[in-house]
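To start, the structure under review is shown below, and the notes come after it.
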Amino acid sequence: LLTSEGEQHLRHRRLMAPLFHQRAIATYGDQMVAATQRMQRAWGDGDRFDLHEQMMQLTLSIVARTVFDVDIDEDAPAFGHALSDVIAILSRRTAMPWGGALYRMPLPSSRRFVRSQTLMNATIDEMFAQRRRRGLGGGDLLSRLMSAGDGADGLSEQDVRDETMTILLAGHETTAVWLTWTLMALAQHPHWAEAVRDEVRRVADDRPVI
């Protein structure tokens, strides 16, 4: 959807649009809260961990459950590491002269790139398998894409895979980065952190913030 044009873009956009209407997004709140609470319950006083890694796992879990209606929590850590590898290697490849040719050579970074791609594709395959086991009758994006992939809307199997990967990546990586920097900034400025806590207590009291 990010790189297609013309009739293909319009067809895919119309197919996905209902999942991003205001009414649909409003229903995602409970699942976002539940995923965040699961993550917080796993934290203990005095624990040390990579905050960005935690945020990547959280946002990946949320987009999988809300938009695709599948559970990939077990795959989230490995998927996040693979995604980081792919982004880093692609960034270097595009910045280097002859980068595309260089990364076709059997170098350690090339092999890592292939391994990461394979792992990410395996996660997509697991999402497809979950959806097939449960049937394609749901209103989630994965059901819509896979049903359209049967030929009604002209989506090929590769189209379905590409759109799933695109939404999965776009729906979690940038959000995880934003959350990481926001929490870091609040940790460095306690007076603003306390102001946020005061507002949450004033507006939501003891209710989860949705």
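The values are calculated or read from the model by the stated rules, or taken from the named source; none is laboratory data. Just so we're clear, the structure is a prediction, and the values are computed from it rather than from any experiment. When we count neighbours, we look across all protein chains shown, and the Cβ atoms used for this are built from the backbone with ideal geometry, even at glycine. All accessible areas refer to the heavy atoms of the entire protein, side chains included, with ligands and DNA or RNA removed. Shrake-Rupley method; radii C 1.70, N 1.55, O 1.52, S 1.80 Å.
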- prompt: Can you give the accessible area per residue of region 158-210, in Å², using a 1.4 Å probe?
  reply: 70
field: Unit charges at the beta carbon, dipole of the chain: most positive-side option, ALA193, LEU142, GLY46
entry: LEU142
- prompt: Considering the values (i) 7, 27, 38, 22, 5, 0; (ii) 8, 31, 38, 21, 3; (iii) 7, 27, 33, 22, 10, 1, which represents P(r) over Cα pairs in 10 Å bins from 0, in percent as calculated for the structure under consideration?
  reply: (iii)
query: Which one of LEU179, LEU145, LEU58 has the biggest mean-square fluctuation once the chain is modelled by GNM with Cα springs under 10 Å?
result: LEU179
- prompt: Top mean-square fluctuation among VAL114, VAL200, VAL33, Gaussian network model of the chain, C-alpha springs under 10 Å?
  reply: VAL200
message: Looking at the chain as a GNM with Cα springs under 10 Å, which of HIS81, HIS21, HIS172 has the largest mean-square fluctuation?
response: HIS21
task: Give, rounded to the nearest 20 debye, the magnitude of the charge dipole that the chain has about its Cα centre when Lys and Arg contribute +1 at Cβ and Asp and Glu contribute -1 at Cβ.
output: 340
message: Take the chain, mark every one of the chymotrypsin sites (Phe, Trp or Tyr not before Pro) that falls in a DSSP loop and has at most 15 other Cβ within 10 Å, then report the longest stretch left between them, sites excluded.
response: 99-210
message: Quick check: Cα centre of region 1-69 to Cα centre of region 147-210, how many Å?
response: 5
- request: Using a 1.4 Å probe over the heavy atoms of the protein chains, calculate the carbon and sulfur portion of the accessible area of the chain as a whole percent.
  value: 56
- request: Determine, from the Cβ-Cβ distance of LEU186 and GLU5 and an R0 of 35 Å, the FRET efficiency 1/(1 + (r/R0)^6), rounded to the nearest 0.05.
  value: 0.30
- request: Can you tell me how much longer the chain between ASP206 and SER109 gets when fully stretched, taken as 0.36 nm per residue apart minus their C-alpha distance, in nm with one decimal?
  value: 30.1 nm
message: How much accessible area per residue does region 5-49 have, counting only protein heavy atoms and a probe of 1.4 Å, in square angstrom?
response: 78
query: How far, in nm, would the chain grow between ARG48 and ALA26 when pulled straight, counting 0.36 nm per residue and subtracting the alpha carbon separation?
result: 4.6 nm
task: Compute the length gained on full extension between SER91 and ALA195: take 0.36 nm times their separation in residues and subtract their Cα-Cα distance, giving the result in nm to one decimal.
output: 33.7 nm
